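No lab work stands behind these numbers, since they all come straight from the coordinates. None of the values given here were measured: they were computed from a predicted structure. A quick note on method: Cβ atoms are made from the backbone with ideal geometry, for glycine too, and the neighbour counts reach across all protein chains shown.
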Amino acid sequence: MTGTSYRSFLIRVSAAAAAFGLVCLAENGSAVELGVGLVGQAGGNFIGQPDDFVPGLNPNPGFGGTTLGGGLFLDGRLLPFLGLEVDVLRTNDKGSGDYTINGFKSHITLTQGAWHIPILAKVVLPSPLLAPYAMIGPEFVSPSDPKAEVDPSAASGFFSAFADSYWMLTFGLGLEIKLPLPVIDLRIPVSLRGSFTPSASSKAEDRTRLVGNPPTSVGYSSEWQYVIALNAGAAIYF
């Protein structure tokens with residue numbers, strides 16, 4: 001399946017999930033629970049080394065590093081065991097790699113801010129205090145201001161970064177802790193999530209931009225291929 005087909009598929013999944021949620025809300029009325037809360041995220045993001053341009057020529061080392069951020073989330077509990085969660089997260093994503101040319105090594109760190117909007121269908125095991133759950137769904141990612149920072153700084157003009165908006169597929173396992181408070185329904189969700197980008201290309205020409213022959217500058221794609229993160233938050237349910 002091509003990258004365009006994957007994006008089209010994920011868009012359709014998102015639309016179907018949203019439509020399903022609206023139908024359930026309309027049909028279940030007062031039986032529906034709605035949670036509103038804050039969530040933080042910490043983890044790692046990675047993108048592997050692409051194929052060589054030609055045998056023996058690969059100026060893209062692949063990158064790995066941290067992702068940190070947080071934001072808001074809405075959680076509609078449509079049935080006792082079924083839910084739909086939508087997050088709006090702002091993250092700071094980084095990843096480093098080493099590139100050596102003519103015996104000169106450059107340590108390159110790609111950095112960018114990004115908006116993440118996962119739309120996750122949830123299956124919950126109802127419980128009075130501890131409710132485990134599983135989730136899966138598409139995640140829209142909109143990067144901003146990608147940069148390539150280089151050590152030593154003398155090589156900084158040689159490297160750059162680029163990124164467009166893209167879709168990931170996100171899945172995870174979590175535990176919802178229901179605090180036994182008499183006047184408010186406060187819950188602490190904790191989840192371990194993994195994401196991957198189905199449309200991430202392994203072709204060097206899609207992931208690396210070379211200017212000049214021999215190259216006078218190299219640009220790297222910072223659309224992350226894999227993410228694993230721990231999320232924790234707090235939400236009030238109505």
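At a glance:
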read-out: Sites residue 90 and residue 66, calculated FRET efficiency, Cβ-Cβ separation with R0 22 Å, nearest 0.05; value: 0.90
read-out: Approximate shape of the stretch 94-161 as ellipsoid semi-axes (Cα gyration tensor, √5λ), whole Å, largest first; value: 42, 14, 9
read-out: Bins of 10 Å from zero: percent of alpha-carbon pairs in the stretch 120-199; value: 16, 27, 22, 18, 12, 5, 0
read-out: Nearest-0.05 FRET efficiency for residue 179 and residue 123, computed from C-beta distance (R0 25 Å); value: 0.65
read-out: Rounded tilt (10° steps) of 3-28 against the dominant C-alpha axis of the chain; value: 10 degrees
read-out: Principal axis dimensions, largest first and in whole angstrom, of the chain by Cα; value: 67, 35, 24
read-out: Average Cα contact separation per residue, the stretch 34-131, under 8 Å, 6 or more apart, as relative contact order %; value: 26 percent
read-out: Residue with peak Gaussian network fluctuation, the chain [Cα springs, cutoff 10 Å], from 45, 213, 102; value: 102
read-out: The chain, relative contact order [Cα under 8 Å, separation at least 6], %; value: 22 percent
read-out: Farthest positive-ward along the stretch 108-181 dipole, Cα basis, beta-carbon charges - from 119, 152, 165; value: 119
read-out: Estimated FRET transfer efficiency (residue 205, residue 238; beta-carbon r; R0 35 Å; 0.05); value: 0.10
